[in-house]
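What follows is a short report on a single structure.
Quick note: the coordinates plus some simple rules give every number you see, no bench work behind them. Every value quoted in this text rests on a predicted model; they were computed, and no experiment measured them. All Cβ positions, glycine included, derive from the backbone under ideal geometry; neighbour counts span all protein chains shown.
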Amino acid sequence: MNIIHPRDIPARAFSTLTSAGMHPLLARLFAARGISGADGLDLSLKALLPPAALTGANEAAQLLADAIESGARMVIVADYDCDGATACAVGVRALRAFGADVHYLVPDRITLGYGLTPPMVELAAQLSPEVLITVDNGIASLEGVAAARERGMSTVITDHHLPGAALPEADVIVNPNQPGCGFPSKALAGVGVMFYVMLALRAELRQRGAFTAGNEPRLADLLDLVALGTVADVVKLDHNNRILVAQGLQRMRANCMQPGIRALFAVARRDAARANAFDLGFALGPRLNAAGRLADMSLGIECLITDDETRAIAIARELEQLNNERREIEAGMQETAVRYLENFNVSEHAGITLYEPDWHPGVAGLIAGRVREKLHRPAIAFAPGQDGELKGSGRSIPGLHLRDALELIAKRAPGLILRFGGHAMAAGLSIRKERLQDFRAAFEETAASLLDPADLQRRIDTDGGLNASDITLDIARLLAREVWGQGFPAPVFDNVFRVERQRILKDRHLKLELSLGGTRFDAIRFDHAERAPDAIRAAYRLDINEFRGLSNVQLMLEHIEAA
């Protein structure tokens, strides 16, 4: 069951924002998202939290500065998603600008798995590093850090994932979520953590007199990478993250970006001059992620670190092909999942576990996300791994912290889960194939114990209704310029409309013409082929539809019900 729930709009905050000159609609939206004054509106770099506030950042800077001065070789161990790739690119670009001897490695998703494992240390050892730096991983790499120490390597962990009961014995750990870290923003993505470490390193090198007038590297030039990784990793867009994303988008719109970012905009056929968070999350991010899902994320990283425009566009085209292949694989997997769920009584289940022997492990998370969206249940999709293991990727709903749920299962049934890690809304794990049914039962029991009945109802939070006079191209463009995302959701409105016309497109999508207050609007509801009643209450987003050089406002329907 879906429940439309208009957000509360604090009157005092709304009044303060409108008095400050903000457009009334934006003031309404921002007030409903917790912005109550000018402090929340300042998205300039001077409003960023200082690097010194991030535990371990100064210590990491000192270690890395010593390594640069001594000519020590560094190797960055990256993750195979967009956050990991952008974090690696920030590290490579910044460290090379500082004069460091730096290389990178990224594990093969299928053969080496996630993070700094002992086999990954063996691979890194071939490059003879003195310093290993992890990005977007490492907080759970107890064995990998121990293996690195045995080989005489220093280790700097930069991560944002939630730690377990024990921390690795690294030389330095930088993670806003580690115990004792008082950094106010716990929502930094992996790329954000690495950017902060590079800010601290530049300050340390500046203090040591490493730069002459006019030759200090401009780390702000890397904010396009920070914005992309932050949005693609779906971390909460608190004030600090909104600054990072806004500053990155501002540079993209001004055509000040890495050649690889520019190339990704080109192959995705998106206009960088009007870049928004949706472009990063649904156009550029998936194309980078395709390399990590189906091939080697080194391809994505090379796209982001090359300064050769021709090479960047060539790599971006390869990523485009991989993304098309990913879509085909996902479509086939989704068909299988739909067949499995046809006779599935969702009311009898609090959690869903899926497995097919021919599923691709790189795409399992996408299937879990689709099932979660369709049924509003936490879902975990498994695919075959190595040596009789199954690799799972899960997506959750509000009310169930997925990583904590997996930790609870691991405590209740020792040995059932071989490895796990992640966040509240997304996590990964490995189990033995023969324990699938045991895990399915444990996940169902745990989800049922942690979720309240109200959590199992999908709540569609909206920003109330719009007047017909506000559903315009100008308003759509006004909204598109702002930074929206996880924790600061894009506006969704709800109104009662009359359905004037409707038809089904490609047997999959519902195309409508709706009327409100005597004005007609084009609307579309993707992946729903059921016809609508004559009068509907609809939850919708404003979108700009461009066709043959003409732009029109279009309503993207999130939910409809009979009025």
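Find out how many positive minus negative residues lie around Gly164, taking Lys and Arg as positive, Asp and Glu as negative, among other residues whose Cβ is under 14 Å from that of Gly164. After counting each charged neighbour, the total is -2. Considering segment 46-320 at the alpha-carbon level, its Rg and Dmax are found to be 17.2, 50 Å. Amide H to amide H distances under 5 Å link Thr462 with His5, Arg7, where only residues 5 or more positions off or on other chains count and H is placed in the peptide plane. Each 10 Å bin from zero holds the following percent of Cα-Cα pairs in segment 160-248: 15, 41, 32, 11, 1. Counting lysine pairs in the chain whose alpha carbons fall under 29 angstrom apart, excluding pairs fewer than 8 residues apart on the same chain, gives 15. Principal semi-axes of the equivalent ellipsoid, √(5λ) from the alpha carbon gyration tensor of segment 108-150, are 15, 12, 10 Å from largest down.
A simple spin-label model places pseudo-atoms 7 Å from Cα toward Cβ; at Asn552 and Ala165 they are separated by 6.2 nm. As a size descriptor, the averaged projected area of the C-alpha convex hull of segment 460-562 was calculated at 7.0 nm². Under 19 Å from a label point 7 Å along Cα→Cβ of Thr212: give me every residue in segment 74-117 with its amide N that close. Those under the cut-off are 97-100.
Think of each Lys and Arg Cβ as +1 and each Asp and Glu Cβ as -1; about the Cα centre, that makes the dipole of segment 344-456 roughly 200 debye. Only one residue of Gly138, Leu280, Ala87 has its Cα farthest out toward the positive end of the dipole of the chain, where Lys and Arg carry +1 and Asp and Glu -1 on Cβ, and that residue is Leu280. Placing a pseudo-label 7 Å from each Cα along the Cα-to-Cβ vector at Ala146 and Asp8 gives an inter-label distance of 5.0 nm. Legend: helices of the chain (whole DSSP H runs) are marked when their alpha-carbon atoms reach 18 angstrom or more along the helix axis and their mean Kyte-Doolittle hydropathy is at least -0.5; marked are 57-70, 82-97, 190-207, 436-450. Each of His160, His528 was scored by other Cβ atoms within 10 Å of its Cβ. Listed from fewest to most, they are His528, His160. Extension gain for the segment Glu309 to Leu505, taken as residue separation times 0.36 nm less the Cα-Cα distance, is 66.7 nm to one decimal. The value of relative contact order for the chain, using C-alpha pairs under 8 Å at least six residues apart, is 12 percent.
Taking amide H positions as modeled 1.01 Å from N, with prolines and chain starts lacking one, the residues under 5 Å from Tyr355 and 5 or more places away or on another chain are Phe382. Sorting Asp455, Asp79 from the fewest to the most surrounding beta carbons within 10 angstrom yields Asp455, Asp79.
Along its three principal directions, the equivalent ellipsoid of the chain from the Cα gyration tensor extends over semi-axes of 39, 30, 22 Å, largest first.
Convex hull volume of the Cα atoms of segment 1-75, normalised per residue: 192 Å³.
Working value for segment 344-456: equivalent-ellipsoid semi-axes of 20, 16, 12 Å, each the square root of 5 times a Cα gyration tensor eigenvalue, largest first. Each of Phe195, Phe183, Phe14 was scored by other Cβ atoms within 10 Å of its Cβ. Listed from fewest to most, they are Phe14, Phe183, Phe195. Quick check: from the Cα gyration tensor, does segment 335-409 come out rounded (a/c under 1.5), prolate or oblate? Here segment 335-409 falls in the oblate category.
A cut-off under 9 angstrom between Cβ atoms defines the neighbours of Asp233, and their net charge, with Lys, Arg +1 and Asp, Glu -1, is -3. Packing, as the average of other Cβ atoms within 10 Å across residues, places the peptides 115-127, 332-344 in the order 115-127, 332-344, highest first. Each residue of segment 226-381 gets 117 Å³ once the volume of the Cα convex hull is shared out per residue. Between Arg477 and Ser347, the C-beta separation translates, for a Förster distance of 51 Å, into a calculated FRET efficiency of about 0.75. Between Asn495 and Ala538, the built amide H atoms are under 5 Å apart, and every one of these is 5 or more places off in sequence or on another chain. The Cβ shell under 15 Å around His423 holds other residues with a net charge of -4, Lys and Arg each +1, Asp and Glu each -1.
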